[in-house]
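Participant: This is the structure I want to talk about, given as structure tokens.
The values are calculated or read from the model by the stated rules, or taken from the named source; none is laboratory data. Keep in mind the model is a prediction, meaning the values are calculated, not measured. For neighbour counting, all protein chains shown are included, and Cβ atoms are generated from backbone atoms with ideal geometry for every residue, glycine included. Accessible surface is based on the protein model in full, side chains and every heavy atom, while ligands, DNA and RNA are left aside. Shrake-Rupley method; radii C 1.70, N 1.55, O 1.52, S 1.80 Å.
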Amino acid sequence: MADAKAATAAIGRVTRKLRRRDAVEVDAHRPAIEALNRPFAAQALEWKEKAEKYELELQHLYKAHSRSSEQLVTLIEELKALKALLKEKEALIPALQSELGRTSEENVQLKQSLEEKTNALELLIQEHQAAKAELEQALAKLKGVENENTQLVERLMQAKMVEAEKLNEANAMYEEMVLKLKAAGLGAGGMQHHAEQEADGIIRRSEAGYIDIIETPIPSAPRITIRAHEGGCGSIIFQNNTDMLISGGQDQTVKIWSAHTGSLASTLQGCLGSVNDLAVTNDNKFVIAACSSNKLFVWEANGGRPRHTLTGHTKSVSSVDASWVKSLVIASSSSDRTIKIWDLQTGFCKSTIMSASNPNSLVFIHGDTICSGHRNGSLQFHDIRTGKSSATTVGAHTDVTSVCVSRSKTYVLSSGRENVHKLFDVRMPTVLVEDSGTLRAPGNRVIGSWGRPCISPDEKCIAAGSSDGSVYIWPKPKDEKDAPQPLAILEGHHSLPVVSSAWSGYGPLATADKNHIHIWA
């Protein structure tokens, strides 16, 4: 029963599928059946229209073919013309090839000629450069010769000026000596002879090559020890051509001692502030003290009477020196960056020289010329008549602490904080300041702004104190490259810093620390 139902269901499904297939086939063949069912006349009309359309298209094609034929004829004619032209060009090729060969040969020849001319030009350029270099060398030599000639002329003129100044100074000294001798009551002949001897001695000591008859001995041991000032000694100096020693200290006094016996000769009172530096006029009439109170004090050496109090500096006065030609002219330097020129006749400041750096120390050299050492390490040379700087030595030291001048005014000794002492030839400072040598020693230490070295009277030795209490004695260097070793190292200050040293014209050396003054044998 079940199988019958399944068979019936299968037959039903097959029947449905056949019906659907039949319907699909009928739909597919319907256009063909409808076309077959149309009338024949309608198909004929449609075919006629298509034939007319195809005939029209055929006419258009004939016209296009005609045009193409014409274009083809034209192209054939152009092609014939191009072939003829090509034959003409081919006929020209051999001539052009031969011309190209000749041109290549000419090009090679021209290239060779160009290379030869280029080589010749390079050779000419080298010769020109060599000639130019020789010309430049010759011009440089000529310029150097001209400069050297100019310098020689300037040095010659300066030397003549220096000689003239020395002659004028000698004349002034001669007249001053005549006046002194007249006042002393000597006869005319004796006065003239004595004055001529004095003037001649000054001139000869100023000349190069002069040798003092008295040779300064090298000190060995302290002969006299003086306790000079309460609170410490600041500066010492000898009077000119005597053995009288002048000292100044923090007790606001200036004292004059006999270097021969060590006895106190006189005390100069009235100073305000500590004494930083001392000076004495060339005739030994006046003693000047530079003080920390911004003032300078002037006394008469004989009698100790105060003469002037010089005011004008606004800070501590660091240094003072007296002209060795004009007995009433002094110069002072201060921490206010000024150098002042004073007239001891009136007690007034004659001129002020401004400086870019503090001048720590100064000395007179050639009459109206002073040399000053500055905190910026330079040495400057000034003409006190004009106030202008005549020369500057830059980089002498890192910081110049002191300068002093030799007895003949030929050399200036400078000291710096880098513990180096340098000697300079200052015979012509407006033309050339020559470095004459450097002095140093492993144990020598400069004492800030207080150390004051000195040069022996015969200008053969230099003495400088050290912060360890030693005094170093060097020989004078032979030239700028010479750096001699110390001849002697004097001990006796018991590790106290040696602040100042001075060498008498009669031989003895004096050195001072904060407590004592030693006069050496």
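Participant: If you rank THR118, THR225, THR216 by how much accessible surface each has, with a 1.4 Å probe, what is the order from largest down? If you can, show how the numbers build up before the last one.
Facilitator: Details: THR118 55, THR225 80, THR216 15 Å².
Ranking THR118, THR225, THR216 by accessible area, largest first, yields THR225, THR118, THR216.
Participant: Need one number for the chain: average projected area of the convex hull over its C-alpha atoms, nm².
Facilitator: On the way: hull surface 322.6 nm².
Across all orientations, the chain yields a mean hull projection of 80.7 nm².
Participant: 5 Å is the cut-off here: which amide hydrogens, built 1.01 Å from N in the peptide plane, fall below it relative to GLY249, excluding neighbours closer than 5 in sequence?
Facilitator: Amide H neighbours of GLY249, under 5 Å, 5+ apart: GLY234, VAL275.
Participant: If SER266, SER415 are ordered by their accessible area, calculated over protein heavy atoms with a 1.4 Å probe, which sequence runs from highest to lowest?
Facilitator: Values: SER266 35, SER415 0 Å².
I get SER266, SER415, largest accessible area first.
Participant: Per-residue counts of other Cβ atoms within 10 Å, averaged by peptide: what ranking do you get for 377-385, 138-146, highest first? It would help to have the intermediate numbers written out before the result.
Facilitator: Details: 377-385: 20.6, 138-146: 10.0.
In decreasing order of mean packing, 377-385, 138-146 become 377-385, 138-146.
Participant: Which of the residue pairs LYS166/LYS460; LYS422/LYS478; LYS255/LYS285 have a Cα-Cα distance greater than 18 Å in the structure shown? Please report the intermediate quantities before stating the final value.
Facilitator: Values: LYS166/LYS460 23 Å; LYS422/LYS478 12 Å; LYS255/LYS285 15 Å.
Among LYS166/LYS460; LYS422/LYS478; LYS255/LYS285, the Cα-Cα distance tops 18 Å for LYS166/LYS460.
Participant: Which far-off residues, 5 or more places away or on another chain, put their amide H under 5 Å from the one on SER334, with H placed in the peptide plane?
Facilitator: SER318
Participant: Solvent-accessible area of ARG223, probe 1.4 Å, all protein chains present, reported in Å² to the nearest ten, please.
Facilitator: 110
Participant: Something else about it: If you take every DSSP beta bridge whose two residues both sit in the range 424-521, what share of them, in percent to the nearest 5, is antiparallel?
Facilitator: 95
Participant: Give the accessible area for SER389 in Å² (nearest 10); use a 1.4 Å probe, count only protein heavy atoms, and leave out ligands, DNA and RNA.
Facilitator: The value for SER389 is about 60 Å².
Participant: Using a 1.4 Å probe on the protein heavy atoms only, what accessible surface does LYS117 show? Give it in Å² to the nearest 10.
Facilitator: Approximately 140 Å² for this residue.
Participant: Out of all DSSP beta bridges in the chain, what portion is antiparallel? Express it as a percent rounded to 5. Please list the in-between numbers first.
Facilitator: On the way: 99 of 100 bridges.
DSSP beta bridges in the chain are roughly 100 percent antiparallel.
Participant: Tell me what the chain gives for mean residue ellipticity at 222 nm when only DSSP H runs of n ≥ 4 count, each as -39,500 (n - 2.57), the sum divided by the residue total, rounded to 500 deg cm²/dmol.
Facilitator: -14500 deg cm²/dmol
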